[in-house]
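Here is the structure we will look at, set down as structure tokens.
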Amino acid sequence: MSVSFLGGLAVDVHTHVYSNRYITLLQNRTAVPRIVTRGGQDRMLILPGEDTDASTSSGRPIGSEYWDGARKLAFMDGHGIAVSVVSPANPWLDFLPAADAGPAAVDINEDMEALCAGSGGRLYGMGLLPRDPMTAAAELGRIARLPHLRGAAIGTTGAGKGLDDPALDPVWAAAERNGLMLFVHPHYGLGNEVMGGYGHAMALALGFPFETTTAITRLILGGTLDRFPGLKLMVAHAGGVLPYLAGRLDACVAGDAHSPVRLRHPPSSYLRMMHYDAIGYQMPTLSLLIALVGADRLLFGTDYPFFPPHVGNAELDTATWHSPTVHRAILQELEPQTASAILRSNAMNTFGLAVPASA
Ligand code: URA
Ligand code: ZN
């Protein structure tokens, strides 16, 4: 990578792939989530209810940028990203029956390891998990033995009942024991009944972060981090709106005379125990997070290949993408040391990464 980039090379901790075997699973389905071909173009319909709203029912285009490692590397080269920690995108294996989800997780996590192993040190990965907690805990033990994997994505519903479900304790224990990061990412949206009519904008801009906000709040209020203080969690999209509402949450818990919450600390103090991608799209969001949790908890991310520029598929690899460009520009407003920590060194320390000399 010879071009010099403002602020130096980055490490991207929020960037997705769907492995070939996962794509086949979606292509073989007849209900959402699924991939359909319309007018010669593959389109994904993965979000709940996406097919029933006229403004979203044509889905979103999907091409090899979602699974081809060479295309990810081209994007990284074009945006000054030396190394990426790649994660499987939503909706993971949530739609599969339990008997199929365990073996599918093994296959897809092996695919992820192979992709990263063949990348010349440019890619590390996160796995995905079946919903059943005991099978997920066993899969985390396997992931820990795959040399390029550093953790796993986990949806906001966990095993289906939310992240405060006591049945998830074996999952938290396995992640904590193995030093693996769990990446909490939305898929279902919250308030979908009031998000329709405007394409994907309201569901992705508001419904996704609202979903993350309630999921992490339940995780905190359920005492997960009192029971598993060494658990490594990374929260998508700058923590949703929870950083903005953290003081109010403390006040509402403390002010509730009949509260069943029994935590060692005020709820907001647990936010400092987690990591966040810096995908907030504006400086005030990043400033708030830094003030609340510290810059050492923030990590540069892009959400590639979602939110592509409006160019033909063939031009995607050479186009300028909005997310990496705006997030790199925001970081330039910070002290250089803070900016470079968020851009790369926090990720290298948190995930135990080496940046290849050739990058
Ligand atoms: N849309 C999705 O479905 N997933 C993402 O991660 C981002 C946008
Ligand atoms: Zn994402």
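The values are calculated or read from the model by the stated rules, or taken from the named source; none is laboratory data. Given the structure is predicted, the values throughout are model-derived calculations rather than measurements. Note: ideal-geometry Cβ built from the backbone for every residue, glycine included; neighbour counts use all protein chains shown. All accessible areas refer to the heavy atoms of the entire protein, side chains included, with ligands and DNA or RNA removed. Shrake-Rupley method; radii C 1.70, N 1.55, O 1.52, S 1.80 Å.
A few notes on this one:
- The helix-based estimate of mean residue ellipticity at 222 nm for the chain, built from -39,500 (n - 2.57) per DSSP H run of four or more residues and divided by its residue count, is -10000 deg cm²/dmol to the nearest 500.
- Accessible area, probe 1.4 Å, largest first, for residues Trp67, Trp172: Trp67, Trp172
- Inter-part distance, the range 192-250 to the range 106-182, computed on C-alpha centroids, equals 20 Å.
- Per residue, the range 232-359 exposes an accessible area of 48 Å² to a 1.4 Å probe, with every protein chain left in place.
- Fraction of accessible area attributable to carbon and sulfur, the range 73-181 (%, probe 1.4 Å): 57
- Coil-residue trypsin sites (Lys or Arg not before Pro) of the range 21-76, DSSP, other Cβ within 10 Å capped at 16: Arg29
- Accessible surface calculations at 1.4 Å, restricted to protein heavy atoms, place the range 42-82 at 33 Å² per residue.
- Estimated dipole of the chain in Debye, rounded to 20 [Cβ of Lys and Arg +1, of Asp and Glu -1, Cα centre]: 440
- Of all accessible heavy-atom area on the range 223-359, the percent that carbon and sulfur account for (1.4 Å): 57
- Projecting the Cα atoms of Gly59, Pro33, Asn20 onto the dipole axis of the range 1-101, where Lys and Arg carry +1 and Asp and Glu carry -1 at the beta carbon, places Asn20 farthest toward the positive end.
- Legend: translational diffusion of the range 10-351 by Stokes-Einstein, Rh = Kirkwood radius over C-alpha pairs, 20 °C, 1.002 mPa s; D = 105 µm²/s.
- Ligands, DNA and RNA aside, Asp111 has an accessible area near 40 Å² when probed at 1.4 Å.
- Protein heavy-atom accessible surface, 1.4 Å probe, per residue over the range 99-186: 33 Å².
- Among Ser64, Ser87, Ser19, residue whose mean-square fluctuation peaks in a GNM of the chain (springs only between Cα atoms under 10 Å): Ser64
- Neighbourhood net charge (13 Å Cβ-Cβ; Lys/Arg +1, Asp/Glu -1) for Asp107: -3
- Under 5 Å, built H, 5+ apart or other chain: amide partners of Tyr304: His16
- Distances between every pair of Cα atoms in the range 162-304, grouped in 5 Å steps from 0 to the bin holding the largest one, split as 2, 9, 18, 22, 21, 15, 9, 3, 1, 0 percent.
- Sequence ranges 254-262, 145-153, ranked by mean other-Cβ count within 10 angstrom, highest first: 145-153, 254-262
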